[in-house]
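Following: one structure in structure tokens, then a few remarks.
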Amino acid sequence: MRVARWRIAAGCVILAGLVGLLAIFAPYYIRNLELQNFVSGITRDPQNVSKPDDVLRGWVLDQAHSMGVAIKEDNVHVSRTEGGLHIDVRYVVPVSLPGYTVALHFYPGAGSR
């Protein structure tokens, strides 16, 4: 059974579009993963439990800005419980596509036990 050429061409166009979207969105998700790993590293270190919230927030902000992630001070939430330290970062990245802008919402966070 032969497949019509137009179907093969349509499949190639769709596949190329998906690869293009992957190329556009992947850097944002990779940076978010790197920020998540950084925040996890902060919360895993027992010495950081005694550090002031402003110091921890500053570390996260510095790391995010060095990676090109535009977050503000109020995007970083540091909380403490009996069990340890918890850091949440919430930020939105607008990505402009032809004719449409996508808002990617990221929530990297970590806590110690």
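Dipole magnitude for the chain: about 760 debye, using +1 per Lys or Arg Cβ and -1 per Asp or Glu Cβ, origin at the Cα centre. Subtracting the Cα-Cα distance of residue 47 and residue 29 from 0.36 nm times their residue separation leaves 3.6 nm of extension gain. For residue 84, no residue has an amide H sitting under 5 Å from its own, ignoring neighbours fewer than 5 places away on the same chain, with H placed 1.01 Å from N.
Residue separation of residue 81 and residue 2 scaled by 0.36 nm, minus their Cα-Cα distance, works out to 21.9 nm of gained length. For the chain, the mean residue ellipticity at 222 nm estimated from helices alone is -17000 deg cm²/dmol, where every DSSP H run of n ≥ 4 contributes -39500 (n - 2.57) and the total is divided by all residues, rounded to the nearest 500. Couplings for region 67-80, taken from phi via the Karplus curve 6.51 cos²θ - 1.76 cosθ + 1.60 with θ = phi - 60°, read 8, x, 8, 8, 10, 10, 4, 6, 7, 10, 10, 10, 9, 10 Hz in order; Gly and Pro are left as x. Each part reduced to its alpha carbon centroid, region 47-62 and region 68-86 end up 8 Å apart. Over all projection directions, the Cα-based convex hull of the chain averages an area of 10.4 nm². Subtracting the Cα-Cα distance of residue 21 and residue 88 from their residue separation scaled by 0.36 nm leaves 21.3 nm.
Taken together, the values in this text are just the output of simple stated rules run on the coordinates, not laboratory data. Remember, it's a predicted structure, so these values are computed and weren't measured experimentally. With ideal geometry, Cβ positions are generated from the backbone for all residues, glycine too; neighbour counts draw on all protein chains shown.
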